[in-house]
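Please read the structure below before turning to the comments.
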Amino acid sequence: MSSRAIPTFFLLSALLLSSCALPGGETSAAEPAQRQFFAMNTLMTLQITGEEAEDALSAAVEEVNRLDRLFSRSQSESDIARLNAHAGDGTDVPLSPETTELLSLALEETSATAGAFDVTVAPVIDAWGFGTGDAGQYRLPSEGELEALLPLVDSAALHVDTAGNTARLDRSGMEVDLGGIAKGYTADRLVELLGEYDVSSALLNLGSSTITLVGNNPSGQPWRVALKDPQDEEQQILLLSLSDQALSTSGAYEQHFEENGVTYHHILDPRTGYPAQTGILSVTVVSDNGARADALSTALFVAGPEQALELWRADNSFECVLCLEDGRILITQGLEDQFLYNEEDSHGYTCEIVRR
Amino acid sequence: MATPARSSAADRLRPAPGDALVVLLVLCAALALLWLLRPAPAGELTVEVRLDGTLIGSYPLEEADAPVYVDVNAPWPLTLELDGRRVRISHSDCPSQDCVHTGWIDEAGEQIICLPNKLIISLVGEQDTQSKDFDVIVG
């Protein structure tokens, strides 16, 4: 080999090697820390990337469990169980600041959505057997039974004092269930908590229908979020490309049962006591605020497409995707540059952008 | 007869045997790298069973003549069916039955969840990350 050929060989080999080796090295450096655990009646998956990812992960899991112990309706020592136990006896029940903050946020959403979202709907949820996760408990309550329960669904009879950290339910038999907002609020608390750590990105999946994204994904690109087809859980209808946002989805497919040929699902209209039938199959809300996204996904489903879009037009704090029974997917303007929809793989849906 | 003066490498137009050797070595290096960095073949898959966060069982998925059934001692007992390179929960005493309705899973990274039991069945193995065009599914 000539004296020039040897360095040429090594140079070429080195180039080849370095070009092949780089991507692998980058991947391992950005490997996220991940943990799965059961809390708030669901399976949660937290994925965090950054220098202090492991410490942040442990703190986040601890925080979720702490908030679960406050907000759970089934744990007898929780704030919410104690509040419910004192319903109608005139007691201002002492609660943690997080619980009064969340109750107060829930009341704001009730007022903003004209009662389409209401945390005092619990007695009606129980009458249908939803919320237990036990399909054997689902049942069709009689009209009379629902009529008797509806006076107990009344957020005006829930009094929250955020300064004194107490709350009171006016009528005996009233119950609060925070299932429609607690996970979104918890996600917001986690984002705040992660701010105390050296963390570059996080995927906070609090039970697949409530997801919060921190930063970009570990490869530095916006997170790619696929929306489930409400008519076929194996398929996805479109992709959203998002950073630093919270998402929440409500779909009629999650819990349902059939009786006498009629399908009844678990998203109940607090004003009627019956499952909301508004032509919506699923709602996904995107917002900076997880609690708002969580509450609104239920509220918009209950409100129906027209009122949902009215709410959106009157409010700049969220965007949404409405998947309708007539095969249309309505996407609000703010998501126009952030969604990817493949017409050839659309599963029969057509996409429309809704403008203000 | 005088030996003709040999031109310097820089002036030469025709390749010399040394250059051919370089080309050969680079080609060999490239081929070796291609072989080393080839996509991993569909590797071994292992079924991991976690009950409320604790690993309680691990079973390699192997081609077999007949399905293998594994009884899991969970709060609501259930049975796993391992059939070649796939697994499902074939029976569960749990109230929701969502885990049974999930059906078969056969790819690394897939999971079956039994919420009432706080149980996760995971397929662990080499994941084909290239084929995924999203980070997470919401819904």
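Brief remarks follow.
- Subset of the range A:331-356 that is within 19 Å of the chain's Cα centre (by Cα) and within 21 Å of A:Ala252 (Cβ to Cβ) - its residue that is surrounded by the fewest Cβ atoms within 10 Å (Cβ to Cβ): A:Thr332
- Within the range A:227-271, considering residues that are free of Cβ contacts under 8 Å to residues at least 24 places away in the same chain, of a type in the set (D, E, K, R) and within 24 Å of B:Lys132 (Cβ to Cβ), the one surrounded by the fewest Cβ atoms within 10 Å (Cβ to Cβ): A:Glu234
- Meets criteria (farther than 20 Å from A:His266 by Cα, away from every other protein chain (no Cβ under 14 Å), modelled with pLDDT of 95 or more and open to solvent by less than 60 Å² (accessible area, probe 1.4 Å)) for A:Asp188: yes
- Checklist (1) part of a strand (DSSP E or B); (2) free of Cβ contacts under 8 Å to residues at least 24 places away in the same chain; (3) at the interface with chain A (Cβ under 9 Å from one of its Cβ atoms) applied to B:Ile120, failing item: (2)
- In the set (1) out of contact with any helix residue (DSSP H, G or I) (no Cβ under 9 Å at 6 or more places or on another chain); (2) without any contact (Cβ under 8 Å) to a residue 40 or more places away in the chain; (3) closer than 22 Å to A:Gln255 by Cα; (4) open to solvent by less than 40 Å² (accessible area, probe 1.4 Å), A:Ile211 fails one condition alone, (1).
- Residue match in the range A:316-328 (condition: farther than 16 Å from A:Ile211 by Cα, more than 18 Å from the chain's Cα centre (by Cα) and of a type in the set (S, T, N, Q)): yes
- Single condition A:Gly173 does not satisfy, out of (1) surrounded by 17 or more Cβ atoms within 10 Å (Cβ to Cβ); (2) away from every other protein chain (no Cβ under 12 Å): (1)
- Strands (runs of 3 or more DSSP E) (entirely within the range B:18-90) containing at least 3 residues that are open to solvent by less than 20 Å² (accessible area, probe 1.4 Å): B:45-51, B:78-83
The values are calculated or read from the model by the stated rules, or taken from the named source; none is laboratory data. All of these numbers come straight from a predicted model, not from anything done at the bench. Every residue, glycine as well, gets a Cβ built from its backbone with ideal geometry; the counts of neighbours run over all protein chains shown. Ligands, DNA and RNA are stripped out before the accessible areas are found, and what is left, the full protein with its side chains, is counted by its heavy atoms. Shrake-Rupley method; radii C 1.70, N 1.55, O 1.52, S 1.80 Å.
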